[in-house]
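Every number in this text was worked out from the coordinates using simple rules, so none of it is lab data. None of the values given here were measured: they were computed from a predicted structure. Cβ sites come from the backbone with ideal geometry, for glycine too, and all protein chains shown count toward neighbours.
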Amino acid sequence: MKILIFLLILLVPFCIEAKGTLSEATKACIECHEIINPGIVNDWKKSKHYEIGSIGCAECHTGKERPDSFPHNGYMVHKVVSPKDCAPCHTVEAKEYENNIMSHAYENLMYNSLFKDLARTVNHF
Ligand code: HEC
Ligand code: HEC
Ligand code: HEC
């Protein structure tokens, strides 16, 4: 038994190691943003993403260039993080949500001619 506990204690550092590390880009974001947005950084530090160890600012706010991207301290950063950014990592949740009636609310309203007439009448245009 004692030997087993000893072995478990020996393994602990490896378990922590296996959690993954922050990317260089995320480390750079944090250096500045913990000064200018301590709240955002602290919220993130309470998240599962931080606990996992490898999902930080850059993993959500950088990537393929798109209309809301802007050059920012050597990175192409996008301001808007949409459900489409979460989907590649959260495939199960994205699929579940797709089957939910709420995910079609926008189309249901915007492509519904009766709703369009209602909106036009209310707004007088
Ligand atoms: C050298 C310091 C510095 C680094 C590095 C940095 N930022 Fe910033 N960031 C700022 C400052 C200062 C602002 C606020 C002023 C501005 O908009 O430029 C800001 C603003 C932002 C905004 C808000 C823009 C807006 O218009 O509301 C986002 C989003 C952002 N940064 C994300 C990031 C991400 C993601 C990274 C890492 C890839 C990063 N930043 C790296 C200093 C930095
Ligand atoms: C899991 C994804 C995710 C992570 C990780 C993340 N963010 Fe965000 N961030 C969002 C979302 C979602 C919003 C709110 C909606 C939006 O503005 O796109 C947001 C908003 C912001 C804004 C406000 C942008 C504006 O509208 O002006 C800033 C600044 C920002 N994040 C910086 C950071 C920093 C710094 C980190 C790292 C400590 C970080 N974010 C980590 C998803 C993320
Ligand atoms: C780079 C990959 C990645 C991105 C991008 C990402 N996540 Fe995550 N997220 C993870 C991982 C890995 C976990 C931890 C394992 C799990 O719970 O699936 C996690 C955990 C979570 C959890 C906690 C689940 C729990 O069981 O406690 C929430 C909530 C979450 N993510 C929401 C989001 C949202 C919302 C976005 C987009 C704004 C996002 N994530 C973007 C990888 C990502």
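Order these peptides, 80-88, 100-108, by their mean beta-carbon neighbour count within 10 angstrom, highest first. Mind dumping the intermediate values first?
Details: 80-88: 12.0, 100-108: 10.0.
By packing density, highest mean first, the sequence is 80-88, 100-108.
The amide H of His72, built 1.01 Å from its N in the peptide plane, has Val77 as neighbours under 5 Å, considering only residues 5 or more places off or on other chains. Over all other residues within a Cβ to Cβ distance under 12 Å of Met76, the charged ones net out to +1, with Lys and Arg as +1 and Asp and Glu as -1. Annotation: amide H-H contacts under 5 Å for Thr62 (H modelled 1.01 Å from N, sequence separation of 5 or more, or interchain): His78.
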